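Visitor: Got a structure here, written out as structure tokens. Questions coming.
Derivation of every value follows stated rules applied to the coordinates shown; laboratory data play no part. In this text, all values refer to a predicted model and were calculated from it rather than measured experimentally. Note that each Cβ is placed from the backbone with ideal geometry, even for glycine, and that neighbours are counted across all protein chains shown.
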Amino acid sequence: MVTNNLKVVILLGAPGAGKGTVAQHLVDNFGVIHFSTGNLLRNEVKNATKVGVVVEAILGSGGLVSDEVVNEVVEINLQRTLSEKRVILLDGFPRSVDQAKFLDTVFNACLRDSLRVLEIDVDHEFVVARVSGRRVCIKCAATFGIDDRGDRCSRCGGELTKRPDDDEEVVRRRLIEYQRVTLPVSAYYADRLVKIDGNLSREDVLRNVTDVVENFDL
Ligand code: AMP
């Protein structure tokens, strides 16, 4: 795979940490390509593809899709994204150490130098409260919080719905899964990881993200 001048930012954080909001901020202000495995998998479900049929129940239950299936979806879609030669923001991937190792093999050793990792750190009780009130646009996948009023997306006019995996019990299960499987990914990238406090206001979080990403020299 071609890796010359390739820059990749990995966005880590528990479910509901605000990764979607941060990703949108980076798209709007830094022109990155948003590569979200959650969105890719939801598209597979929406289009009732072979993968979609397999993963539908898993997405709804709050569990993680197998490394094998996710890695395949990533490899297929990343090839296309790489040809755009822009900074790629990986959101929701890698979510396990095995996926991180797979990413190393997909690119190759030289990518490791251009890889930046940003982690949004939040208290889990804060996440439960936030995620229970979250809604997502069915057309453009933009995320809206408890304070956002109205039934329509302010970006594209699409209908806002609650994600099936944003139910409180499901969120708690996702947090346990996060701690068990995804937290070790932070340790895997310890030499290049920058943490942001995600418990602050949206404005403060985004301001801190901007400061950090400006130093990433993308
Ligand atoms: P997200 O939109 O990132 O919260 O992802 C929604 C759901 O998609 C997750 O709860 C998982 O079921 C699945 N998913 C997304 N990315 C991954 C991944 N890298 N590994 C395993 N499952 C994933």
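Visitor: Calculate one ³J(HN,Hα) per residue across the stretch 32-40 by plugging θ = phi - 60° into the Karplus curve 6.51 cos²θ - 1.76 cosθ + 1.60, and present them in order as whole Hz with x for glycine and proline.
Guide: Rounded to whole hertz, the list is 6, 8, 7, 10, 10, 5, x, 5, 4.
Visitor: Under 26 Å from the Cα of Lys7, which lysines turn up, not counting those fewer than eight places away in the same chain?
Guide: The reachable lysines, counting only those whose Cα sits under 26 Å from Lys7, are Lys19, Lys85, Lys101, Lys195.
Visitor: While we're on this one: With every atom except the alpha carbons ignored, what do you get for Rg and Dmax of the stretch 35-75, in angstroms?
Guide: Both quantities, over Cα of the stretch 35-75: 9.0, 25 Å.
Visitor: Sticking with this one: Counting only residues 5 or more places away or on other chains, whose amide H sits under 5 Å from the amide H of Gly13 once H atoms are built in the peptide plane?
Guide: Answer set, sorted by chain and number: Ile120.
Visitor: Still on this structure, I have one more. Return the percentage of antiparallel bridges among DSSP beta bridges fully within the stretch 1-144, rounded to the nearest 5 %. Don't jump to the answer; show the numbers that get you there.
Guide: On the way: 2 of 16 bridges.
The antiparallel proportion sits near 10 percent.
Visitor: For the chain, what does the convex hull of the Cα positions come to per residue, in cubic angstrom? The partial results should precede the final answer.
Guide: Numbers: hull volume 25.7 nm³, N = 218.
With only Cα atoms used, the chain gives 118 Å³ per residue.
Visitor: Then there's this: Order these by the 10 Å Cβ neighbour count, fewest first: Val53, Val69.
Guide: Numbers: Val53 11, Val69 16.
If I rank by nearby Cβ atoms, fewest first, I get Val53, Val69.
Visitor: Could you give the longest part of the chain that holds none of the trypsin sites (Lys or Arg not before Pro) found in DSSP loops with at most 15 neighbouring Cβ atoms within 10 Å?
Guide: Values: sites that count: Lys85, Arg86, Lys139, Arg149, Arg155, Lys162.
Longest site-free region, per DSSP loop and neighbour criteria: 1-84.
Visitor: So what is the relative contact order for the chain, in percent, with contacts set as C-alpha pairs under 8 Å and at least six apart?
Guide: 29
Visitor: Would you pull out the residues with amide H under 5 Å of Val32's amide H, same chain only if 5 or more places away, H placed 1.01 Å from N?
Guide: The answer is Val27.
Visitor: From the phi angles alone, apply the Karplus equation (6.51, -1.76, 1.60; θ = phi - 60°) to the stretch 180-188 and give each ³J(HN,Hα) in whole Hz, x where the residue is Gly or Pro.
Guide: Computed from phi, the couplings for the stretch 180-188 are 6, 9, 8, 4, x, 5, 4, 5, 4 Hz.
Visitor: Using Stokes-Einstein with the Kirkwood hydrodynamic radius over Cα pairs, what translational diffusion coefficient do you get for the stretch 10-118 at 37 °C and a viscosity of 0.692 mPa s, in µm²/s rounded to a whole number?
Guide: Working: Rh = 14.6 Å.
In µm²/s, the coefficient rounds to 225.
Visitor: Using 10 Å bins from zero, what percent of all Cα-Cα pairs in the stretch 57-130 falls into each bin?
Guide: 14, 44, 30, 12, 0
Visitor: What is the ratio of the Cα radius of gyration of the stretch 153-205 to 2.2 N^0.38 Å, where N is its residue count, to two decimals? The partial results should precede the final answer.
Guide: Working: Rg = 15.7 Å, N = 53, 2.2 N^0.38 = 9.9 Å.
Ratio of Rg to 2.2 N^0.38 Å for the stretch 153-205: 1.58.
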